[in-house]
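What follows is a short report on a single structure.
The values are calculated or read from the model by the stated rules, or taken from the named source; none is laboratory data. Computed from a predicted structure; not experimentally measured. Using ideal geometry, Cβ is built from the backbone for each residue, glycine included, and neighbour counts are taken over all protein chains shown.
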Amino acid sequence: MKRVFVDTFYWIALVDTRDAWHQTARSMSLTLDNFQLVTSDSVLTEFVNYFSGYGPNTRRQVAIRAHRMLATGEIEIPAQTRAQFLAGLALYEARPDKNYSLTDCISMQMMRELGIFEILTHDHHFAQEGFVPILRNG
C-alpha cells in the first residue's frame with residue numbers, strides 16, 4: 001500500500017466547514033482507500049492548536065478526532081523522537097530565506113526518513129523541498 005504523508009493543511013480543511021479547501025479535502029478523502037496515511041505528533045499538535053479559539057464544542061470534537069486518529073491504527077503516527085525534532089529544527093535554521101514552520105520542517109525530515117514523497121497538502125513549501133503536494137483545488 002502506498003504511503004502518503006498528511007499535513008495540517010489537509011486535516012484542518014477536512015474538519016473546518018468554513019475552510020476554502022473543505023470540499024476539496026472531503027472529495028479527496030473518498031479516494032484514499034488504497035493509501036496508508038501517515039502523519040506526526042507535530043502535525044496533530046498544530047491541528048488541535050488551530051481550533052483552540054473555536055469554542056468548547058469544536059474543541060471537544062477536535063480532541064475526540066485526535067484521540068481516534070491515535071487509537072484506531074488506521075493512520076500511521078510514528079512516535080516523534082528528540083532526534084526528529086532536532087532534525088526539523090536544523091532544517092528550520094538552514095532555510096532562513098523560507099517561511100517554513102517548524103512543524104513543516106519536522107514533517108519534511110520525517111518524510112525523508114520514511115521515504116515518503118507525496119503529501120496531502122496545498123502548501124507550496126513542500127514542493128520547494130522536492131515533495132509532491134497531491135491536494136489540488138478543482
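So which residues in region 1-54 are among the aliphatic types (A, V, I, L, M) and out of contact with any Ser or Thr (no Cβ under 9 Å at 6 or more places or on another chain)? Answer for region 1-54, where residues must be among the aliphatic types (A, V, I, L, M) and out of contact with any Ser or Thr (no Cβ under 9 Å at 6 or more places or on another chain): 1, 4, 12, 20, 25, 28, 30, 32, 37, 38, 48.
Is there a residue being crowded, with 18+ Cβ neighbours inside 10 Å and more than 19 Å from residue 133 (Cα to Cα) anywhere in region 92-112? Yes, because at least one residue in region 92-112 is crowded, with 18+ Cβ neighbours inside 10 Å and more than 19 Å from residue 133 (Cα to Cα). Checking each residue in region 1-40 for being of a type in the set (Asp, Glu), surrounded by fewer than 19 Cβ atoms within 10 Å (Cβ to Cβ) and in contact with a helix residue (DSSP H, G or I) (Cβ under 9 Å, 6 or more places away or on another chain) picks out 16, 19. Of the helices (runs of 4 or more DSSP H) contained entirely in region 71-138, those carrying at least 1 residues that are at pLDDT 95 or above and under 26 Å from residue 27 (Cα atoms) fall at 102-114, 124-128.
Scanning region 14-59 for residues that are part of a helix (DSSP H, G or I) and within 11 Å of the chain's Cα centre (by Cα) yields 41, 42, 43, 44, 45, 46, 47. Pairing each residue of region 109-138 that is more than 16 Å from residue 20 (Cα to Cα) with any residue that is part of a loop (DSSP other than H, G, I, E, B) and of a type in the set (Ser, Thr, Tyr), provided the two are 6+ apart or on different chains, yields C-beta distances under 9 Å for 110/40; 125/100; 125/101; 128/100; 129/100; 131/121; 133/121; 134/121.
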